[in-house]
Amino acid sequence: MSKYPSGELSIDRKDRAKVPSAGLRYRSADERVCDFDPVLLPMTPEEAMLEAARCVHCPDPAPCTIACPVHNDIPSALWLIEQGRFLEAAELYRETSSLPSICGRVCPHEELCQRSCSHSKSNDPVQTGALEAFVVDYQRLQGKVHIPVGEPTGKKIAIIGSGPSGLACADILVQKGHAVTIFESKNAPGGLLLFGIPNFKLPKDVVSERVLDLMEAGVKFEYNTYIGKDKTIDDLFTAGYEAVFIGVGSQVDAPLKAPGVDLPGVYNATDFLARANFDLETLPEKLCVSMIVDRLAEEMSSMPEIGRNVVVIGGGDTASDCLRVSLRLDTDSVTCLYRRTENEMPGSKKDRQLAKEEGAQYQFLTQPIAFHAGADGRLEKVECIRMELGEPDESGRRRPVPVEDSNFFVEADTAIMALGYWPDETIGKSTPNLETHDWGLITADPTTGSTSRPGVFAGGDAVTGPDLVVTAQAAGRRAAESIHTYLMK
């Protein structure tokens, strides 16, 4: 329930509903494609207060709070922002969210809280995401971010994976006084947040700052430790850990079975984004002097070799990220090939619009079927066929059907496969009595995160398959509460 009940507020909802939004300010497309800096300009305090004052404070439970996977008390936060009480608003967000500075930037707010805003019926919704990012950034600049640590319980928990679910789980557990160690297979923390999301959407220093918060609170990190290969979950229990949380995500690139897919110039999205994300010249100065870059420098020092004509295959958010990264790498053309129409695309409409503004082209109802090499042995062109939409499939989207004798070629010396992700089967196969399904997804209770193995909990994309950062962190927080209950019985 809102901490500032609507009945106690002296507001005129009709007047507030008529106030138009000033909108968000973006850097021009011509400017932003020249670098990897954030494209969205931050709000000023005055802009934030005016935008927050548009909230009509719907009766509890507010639709925006219900639509938020972590159920942020958005109306109360907006009331505080309207009064200029930014630090209080930031603390209110942190009561329900472990990653507000991240979710304020990367959540698809237009599909969640903003979509449910009552303004959406007749006006622009309140810019809830940008306001969340504004106040927690303000709090950071004031040096007021601190994770409270509970009295030590003597209990040790291992968390596998340092992505959003793992970081959120650690945040809750350390506040309850438990000793937490996060095991990460890569050489730096953050998972998808660090390696998969481009800097222009989520600056790397925002991720590193939250990791450092956890380190200062006592959370330990062990890198280059692939659970299931270097160590097993049984090994963790033998080492004295009393509970384990699995938050490894779902980051195995879905393959495209087509001739020539292994040609030089054909990339999987994960490899492409990780390498393009870590050109040291594009990183913020603050992160360039941090410990994280020291660990990344050797592995990520080389940018992917990219040609003049790039195609990206797929239609989700990863495809949009690959398109926009490619546009920043001095190319002549960047084209998305998608086998359905734009209406069936699963990714964010906002990201797609930004990609179009920056120069991305789209070819719909197009299915690549083969990759052809040139005289130098590298990719030269992609053979495609036209598609048409048939009856709906199990997802509810109309199934793409090949059009006979419709083959054609698209010139491309670089192709990036962004077809989605599969789970990693390693942990499931190396852990006795751990139930999995659908190619390796871990079976877990959606409320508690408990698995078929006592003491083992799981959450995020490792359980659901590819989903949102906010739903992953919500799962991590729920599992942390269950782990605490389990340990303290």
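Here, each number is a calculation from the coordinates, and none is a lab measurement. Everything quoted here is computed from the prediction, not taken from an experiment. Glycine gets a Cβ as well: all are built from the backbone with ideal geometry, and neighbour counts include every protein chain shown.
Expressed in units of 2.2 N^0.38 Å, where N is the residue count, the Cα radius of gyration of the stretch 195-275 is 1.50.
Distance between the pseudo-spin-label points of residue 343 and residue 437 (7 Å out from Cα toward the beta carbon): 3.2 nm.
Phi angles across the stretch 234-241 convert, under the Karplus curve 6.51 cos²θ - 1.76 cosθ + 1.60 with θ = phi - 60°, into 3J(HN,Hα) values of 4, 4, 5, 5, 4, 6, x, 6 Hz, Gly and Pro given as x. In a fully extended conformation the segment linking residue 15 and residue 37 would gain 4.2 nm over its present Cα-Cα distance, using 0.36 nm per residue. Between residue 350 and residue 262, how high is the FRET efficiency from 1/(1 + (r/R0)^6) when r is the Cβ-Cβ distance and R₀ = 56 Å? Nearest 0.05. Efficiency, from the Cβ-Cβ distance: 0.95.
Note on the chain: antiparallel DSSP beta bridges, both residues inside, total approximately 40 percent of the bridges counted. Note on the stretch 340-418 and the stretch 460-482: Cα centroid distance 31 Å, given to the nearest whole angstrom. Please give every one of the aspartates and glutamates within straight-line cross-link reach of residue 176, meaning a C-alpha to C-alpha distance under 19 Å, and leave out same-chain neighbours fewer than 8 residues apart. Qualifying aspartates and glutamates at Cα under 19 Å: 91, 95, 151, 213, 216, 242, 481.
Residue separation of residue 229 and residue 481 scaled by 0.36 nm, minus their Cα-Cα distance, works out to 87.9 nm of gained length.
Provide the FRET efficiency to the nearest 0.05 for the residue 403-residue 331 pair, computing r from the beta carbons and using R0 = 25 Å. Step by step, r from the Cβ atoms, then E = 0.30. Extending 7 Å from Cα along the Cβ direction at residue 30 and again at residue 156 yields two label points whose distance is 6.1 nm. For the chain, the relative contact order comes to 16 percent (Cα pairs under 8 Å, sequence separation of at least 6).
Once each of the GluC sites (Glu not before Pro) sitting in a DSSP loop with at most 13 other beta-carbon atoms within 10 Å is removed, the chain keeps 1-304 as its longest stretch. Only DSSP H runs of four or more residues enter the estimate; each adds -39500 (n - 2.57), and after division by the residues of the chain the mean residue ellipticity at 222 nm equals -10000 deg cm²/dmol. Mean projected area of the Cα convex hull of the chain, taken over all directions, amounts to 24.4 nm². Close amide-amide hydrogen proximity is noted between residue 267 and 415, 416, 417, each under 5 Å apart and 5 or more residues distant or on a separate chain (H modeled in the peptide plane; Pro and chain starts excluded). A Förster distance of 22 Å, applied to the separation of the beta-carbon atoms of residue 430 and residue 271, puts the FRET efficiency at 0.35.
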